[in-house]
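> Just passing along the structure, written as C-alpha cells.
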Amino acid sequence: MTQINRRIVLASRPEGAVTADNFRLEEAPLAELAEGQVRVRNRYLSIDPYMRGRMNDAKSYAEPLALGDVMIGATVGEIVESKHASFAVGDKVTGMFGWQDYGISDGAGVRKIDDTHVPLTAYLGVAGMPGVTAWYGLNKIIAPRAGQTVVVSAASGAVGSVVGQLAKLAGCRAVGIAGGVEKCRYVVETLGFDACVDYKAGNLYRDLQAATPDGVDGYFENVGGEVLDATLSRMNPFGRIALCGMIAGYDGQPVPLKQPQIILTMRLLVQGFIVSEHLEFWPEALGTLATLVASQKLHYRESVVDGLEHAPDALMGLLQGKNFGKQLVKIS
C-alpha cells in the first residue's frame, strides 16, 4: 500500500489578518528516494512569527512562499529511510521540512540531535533557532554588562524568555513585558526576571518607569508599536536595541514611532538582525543553550497543538498572542 504524505500549502495570500482560507491541506503519495537522500518522519513542527511575512508577496530578507508551496517551518523527527552514508534509520534530526508529515533531504541543513538529556521539542525552541536568536541579539548587539538593565518584550515567549534568563546569568537586571497577569507571574516566579510589566493593564509607560528606576541600557524588541514607544522613552544614553520582531504590525499596517528623535538624543544603537545570516555563531550558541537546558539552568514552557491539520489555528493564535511559551504542533 502506497504511503501518503499530508502537507499544508499556501492557498492564498492574506489581506490583513491570516485566515483559515489562506491554507489548504493536501495529500500526495511518497516519492521514491534517490541515492544520497533521506526521508524524515516529522514529529513536531515549530510555529514562529516570521511565517507571517513569508506569506506576503513583498520584498523582504527572504523570498516569499509561492502559492501552492508547502508552508515553511522547522521540524524535529526521525529518519525512517536512508540512502545517505551519514544518516541511519532511527537517527533523530532537525531541519526545515515545513508543514508536512514527511520530508526528503540530501542532508543539507539537517542536523542530528540527541534527546538523552535535552527533550526533542527543545530543539525547536530554547535549544534551537529561537534560543540562538535570543543568544545572538543579547550577546552580539546588546552586549550586556553586569549591573545594567535589560528589557525584553514578549518576555514569556520562546525568544524573550531565553533573553531574560541569559541577561540574569550575565548579572543584569531583567525586566519583561508580557500580556496578562498569568504570563507576568510566570516571567518573574519561574524564569527569574526581576520584574514584568503587563501591557494589557493599561498603564504601560508608568509601570515600565517603576520597573526601570535606573533607565534601560539594553532592549530586545519582539513586538513594536506602543511597547517600543514606551521603552524608547526609558532608554539611557548609548543604549542598544536588538530589533528581532515587530509582531504588532504583522497582521495590519505598521505602527509608526511616536518619538523617533529619542534615537538621536540618546545616541542609541538600533540593530535589526536575522539569525540565519549569522550561522558562524550557531555552534557556540547551541552548545551553550543545550548545556544550560540539560543542567536545568534554563527554563522554558511550550504550547502544543495536536494534529498537523491544526497548524493554521496555531499560527493565527500565535499572531494574536494566545500562545504561552514556545508554540509547537505535534504531528500525529
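Every read-out reported here was derived from the displayed coordinates using simple, explicitly stated rules and does not represent laboratory data. Treat the numbers as computed from the prediction; the structure is a model and nothing was measured. Using ideal geometry, Cβ is built from the backbone for each residue, glycine included, and neighbour counts are taken over all protein chains shown.
> Work out how far the C-alpha atoms of the chain reach from end to end along every principal axis, then list the three figures in whole Å, largest first.
66, 44, 33
> Also, I was wondering about something else. For the chain, which span is the longest to avoid every loop-located (per DSSP) member of GluC sites (Glu not before Pro) having at most 16 other Cβ atoms inside 10 Å?
Longest site-free region, per DSSP loop and neighbour criteria: 36-332.
> For residue 272, what residues show an amide H to amide H distance below 5 Å, using hydrogens built from the backbone and excluding near sequence neighbours?
243
> Would you mind listing how long the range 251-330 runs along its three principal axes, going by Cα atoms, in whole Å with the largest first?
Extents along the principal axes, in whole Å: 48, 35, 24.
> Per residue of the range 200-212, what does 6.51 cos²θ - 1.76 cosθ + 1.60 with θ = phi - 60° give for ³J(HN,Hα)? Whole Hz please, x for Gly and Pro, Karplus curve as stated.
Going residue by residue, I get 7, 6, x, 10, 4, 5, 5, 5, 5, 4, 5, 7, 10 Hz, with x marking Gly and Pro.
> Another question, then. Under 5 Å between amide H atoms, partner at least 5 residues away or on a different chain: which partners does residue 24 have, H built in plane at 1.01 Å?
9, 11
> Here's another thing I want to ask about it. Roughly speaking, what is the centre-to-centre gap between the range 28-71 and the range 173-236 when only Cα atoms are used, to the nearest Å?
So the separation of the two Cα centres works out to 34 Å.
> Spelling out what I want: for every residue of the range 320-325, take phi, set θ = phi - 60°, compute 6.51 cos²θ - 1.76 cosθ + 1.60 (Karplus), and round to whole Hz; glycine and proline get x.
9, x, 7, 6, 10, x
> Residue 201 to residue 11: extension gain in nm, 0.36 nm per residue of separation minus the Cα-Cα distance?
Going from the current span to full extension adds 64.6 nm.
> I want to make sure I understand the PRE zone here: with the label point 7 angstrom from the Cα of residue 258 toward its beta carbon, which residues in the range 182-209 have backbone N atoms less than 17 Å away?
198-209
> Now for a separate question. For each of 175, 159, 110, count neighbouring Cβ atoms within 10 Å of the residue's Cβ, then give the residues from fewest to most. Present the calculation step by step, with values, prior to reporting the outcome.
Numbers: 175 26, 159 29, 110 20.
So the ranking, lowest neighbour count to highest, is 110, 175, 159.
> Which longest uninterrupted range of the chain lacks any trypsin sites (Lys or Arg not before Pro) assigned by DSSP to a loop state (not H, G, I, E or B) and surrounded by at most 15 other Cβ atoms within 10 Å? Show your work: numbers first, answer last.
Working: sites that count: 59, 83, 145, 258, 267, 297, 322.
Excluding the exposed sites themselves, the longest stretch runs over 146-257.
> Further question: Calculated from DSSP H runs of 4 or more alone, at -39500 (n - 2.57) each and per residue, what is the 222 nm mean residue ellipticity of the chain, nearest 500?
-6000 deg cm²/dmol
> Would you mind calculating the relative contact order of the chain from Cα pairs under 8 angstrom and at least 6 residues apart, reporting the percent as a whole number?
Once divided by the residue count of the chain, the mean separation gives 17 percent.
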